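Some notes on the structure that comes next.
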């Protein structure tokens, strides 16, 4: 399977002016060169800190799977990765974007897509700070896994296994 055979939309959230809160945005930026090496580009929506403004665009892409990348406090160590189904979102983590639960529910209703959350445990989300080295490395590792694979959904499964360690 190649990226073109999958209808996956990657939605990146965050505020890159707030240190590790920019993890989701950085993830999308690292994936933005995905159309290189003969592979088709990935469908990436850079939603920033207002994901509700992108529901129409995402729904219009008619995805089978939506991967939402964001900095999330799930009680891990800085740089830890969590992959979860959207229905486990509120039980296990706290997004820096309060309306994320409603956002995922709306997307599920409007697209019937399988929605997965890729969370990066932040160290600091202070205004004006840079992304921390540990979070940067985790984001880079996750992006590299997707870029080196022919299947985004397979990469998500692999990342899920990594997050359980």
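The values are calculated or read from the model by the stated rules, or taken from the named source; none is laboratory data. The structure presented is a predicted model; accordingly, all values stated were derived computationally and were not measured. We place every Cβ from the backbone using ideal geometry, glycine too, and count neighbours over all the protein chains shown.
Only one residue in 146, 131, 117 is part of a loop (DSSP other than H, G, I, E, B) and surrounded by 22 or more Cβ atoms within 10 Å (Cβ to Cβ), so which one is that? Please lay out each step first, then the result.
Numbers: 146 fails: part of a loop (DSSP other than H, G, I, E, B); 117 fails: part of a loop (DSSP other than H, G, I, E, B).
Answer to the selection: 131.
Return the residue satisfying two criteria in turn: it lies in segment 61-89 and is over 13 Å from the mean Cα position of the chain (by Cα) and over 18 Å from residue 114 (Cβ atoms), and of such residues it is surrounded by the fewest Cβ atoms within 10 Å (Cβ to Cβ). The extreme case among them is 77. Answer yes or no as to whether residue 124 is under 21 Å from residue 44 (Cβ atoms) and not in a strand (DSSP E or B). No, not satisfied. Exactly one residue out of 49, 20, 64, 5 is at pLDDT 85 or above, within 20 Å of residue 159 (Cβ to Cβ) and out of contact with any helix residue (DSSP H, G or I) (no Cβ under 7 Å at 6 or more places or on another chain), and it is 64.
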